[in-house]
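Structure first, commentary second.
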Number of protein chains: 2
Amino acid sequence: MNILSHSEENYLKHIYHIAGKERNKVATNSLAERLETKASSITDMLKKLKEKELIEYEKYKGCGLTDLGENIAIQIIRKHRIWETFLVNELNFKWDEVHDIAEQLEHIQSQELIDRIDAFLGFPKFDPHGDPIPNKQGKIEYRELKINLSEAKEDVNYEIVSVNEDSLALLRYLDDNKIGLGSEILILERYDFDNSLKVKIKGKKTINLSEKVTSCIGVRPM
Amino acid sequence: MNILSHSEENYLKHIYHIAGKERNKVATNSLAERLETKASSITDMLKKLKEKELIEYEKYKGCGLTDLGENIAIQIIRKHRIWETFLVNELNFKWDEVHDIAEQLEHIQSQELIDRIDAFLGFPKFDPHGDPIPNKQGKIEYRELKINLSEAKEDVNYEIVSVNEDSLALLRYLDDNKIGLGSEILILERYDFDNSLKVKIKGKKTINLSEKVTSCIGVRPM
DNA sequence: ATTACTTTTTAGGCAAGCCTAAATTTATTT
DNA sequence: AAATAAATTTAGGCTTGCCTAAAAAGTAAT
Ligand SMILES: [Mn+2]
Ligand SMILES: [Mn+2]
Ligand SMILES: [Mn+2]
Ligand SMILES: [Mn+2]
């Protein structure tokens, strides 16, 4: 496999994320939206990635990663999350400051480098946003019992274990309201009208959270 | 100043290095050789860099950095040397393994990142090859009394303080012969025929060094 | 000063990665 | 089923950064 351009690597990574665990077919427009490019540009690149056997693609039918493409995507995600962990744990960046820098660092070409940083950090299992870090072999250990706060039950104590990492505004919002990974959270009330929740963060005041927010928070029963 | 491409940054850096402390005019061909591209490509880029006021350039007369261009070049060199120091000091890479990785890392866009790594390392003054690390303001403190081993005198004890960083073959050669930064070196004999030197490294055997080698080694009297 | 050689620039072209506008295919309504 | 709407692809173009071949300018030798 030849070296891939930053652009090609990004396409693979985003296809992986959009496809999700169920490996759904990825529509041209969903990629265009996520990459903030026009659909016609996506089509161009999909042809190229297919040519390189990194994706499966049929005109008008969407695309999906091949095994090769998926392995590469996972390695990029591994690099992204290890760098984020390094920035937060070692350089004292805040969790909302690291994503953009990691977007650049994830494209540094050196297996040895990322493995040494991994070791330097003590082989962390999760990044600062609670997302699992794939190991060198590409194996990902997902957090067990994790659900979205939006689907959680009342009167059960949960621990916050992850957030949608890419949303800077969300991270700032949570910081501002003293909500973070490890926070203990209890749903006091679910408002059917807009699916918002009144919750109690242990040791803090109660707060109302919109569905937009709760659907981005991963929790696990304690 | 808009963000520069990797390519533009590299041109500035190499112009800086070729021009040297004397800020000599840089010929098109010398850049072409160093960047391993064709002279015509160089001409193209010089026009663009001049347009952006990063270099002074007149047809057939060579080019030189403007203050703006020099500042940017120095910041890239700062990043390169800080990353090399990080790789060697913190991740235990060897001094001959870090240059290529630093060539990539030097283009990461984040003032905050490089300043934090600088702090993390304790604001090192020199990189693993003995080259001075410019500070945040772009000030470079050169090693005093430093001369090339090729110009050093007999019967004076010197300490090795730097090597030409980019030559991988040189670094391997020195490693192989147990010569490194900090080694104490004494010239036993200078052979006029080829300007080679017979030297004694303290605590090691004597060895003959070609002028090619000695001209790449920076030393300081002890 | 003319010739020969070297260096540099110009002209024209190519791949990557994007764009707009138009055409085509697929999906949804009537 | 036909009409309409939405999604996707094609066609043609642009910029960046490179290339080769040819022209022009500068330099050195006769
Ligand atoms: Mn991220
Ligand atoms: Mn993350
Ligand atoms: Mn280097
Ligand atoms: Mn160095």
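The values are calculated or read from the model by the stated rules, or taken from the named source; none is laboratory data. Worth saying up front: this structure is predicted, and the values here are computed from it rather than measured. Here Cβ is always computed from backbone atoms with ideal geometry, including for glycine, and neighbour counts include all displayed protein chains.
Quick notes on this structure:
- Within the range B:111-144, tally of residues that are among the small types (Gly, Ala, Ser) and within 18 Å of residue B:13 (Cβ to Cβ): 1
- Within the range A:49-69, restricting attention to residues that are over 19 Å from residue A:109 (Cβ atoms) and part of a helix (DSSP H, G or I), the residue that is farthest from ligand 3 (Cβ to nearest atom) is A:50.
- Qualifying residue in the range A:71-84 (condition: within 16 Å of the chain's Cα centre (by Cα), of a type in the set (Asp, Glu) and within 13 Å of chain B (Cβ to nearest Cβ)): yes
- Scanning the range B:94-105 for residues that are part of a helix (DSSP H, G or I) and in contact with a helix residue (DSSP H, G or I) (Cβ under 6 Å, 6 or more places away or on another chain) yields B:101, B:102, B:105.
- The range A:182-203: number of residues that are part of a loop (DSSP other than H, G, I, E, B) and more than 23 Å from residue A:126 (Cβ to Cβ): 4
- Conditions (1) of a type in the set (A, V, I, L, M); (2) within 12 Å of chain A (Cβ to nearest Cβ); (3) over 18 Å from residue A:79 (Cβ atoms); number of the one not met by residue B:113: (3)
- Any hit, the range A:70-93, residues being touching a Ser or Thr at 6+ places or on another chain (Cβ under 7 Å), crowded, with 21+ Cβ neighbours inside 10 Å and not in a loop (DSSP other than H, G, I, E, B): no
- Residue list for the range B:85-99, restricted to those being more than 8 Å from chain A (Cβ to nearest Cβ), among the polar types (S, T, N, Q) and farther than 26 Å from residue B:11 by Cβ: B:89
- Residue A:165 over 20 Å from residue A:190 (Cβ atoms), of a type in the set (Asp, Glu), away from DNA strand D (no atom under 16 Å from the Cβ) and surrounded by 12 or more Cβ atoms within 10 Å (Cβ to Cβ): yes
- In the condition set (1) outside any strand (DSSP E or B); (2) out of contact with any Ser or Thr (no Cβ under 9 Å at 6 or more places or on another chain); (3) closer than 26 Å to residue B:222 by Cα, residue B:108 is compliant with all but (3).
- Among the candidates A:173, A:158, the residue that is farther than 22 Å from residue A:222 by Cα, more than 14 Å from the chain's Cα centre (by Cα) and either assigned to a strand (DSSP E or B) or hydroxyl-bearing (Ser, Thr, Tyr) (or both) is uniquely A:173.
- Residues being surrounded by fewer than 18 Cβ atoms within 10 Å (Cβ to Cβ), modelled with pLDDT of 95 or more and of a type in the set (Ser, Thr, Tyr) are represented in the range B:138-148 by at least one member.
- Filter result (closer than 11 Å to residue A:105 by Cα and either of a type in the set (Gly, Ala, Ser) or more than 10 Å from chain A (Cβ to nearest Cβ) (or both)) within the range B:100-109: B:106
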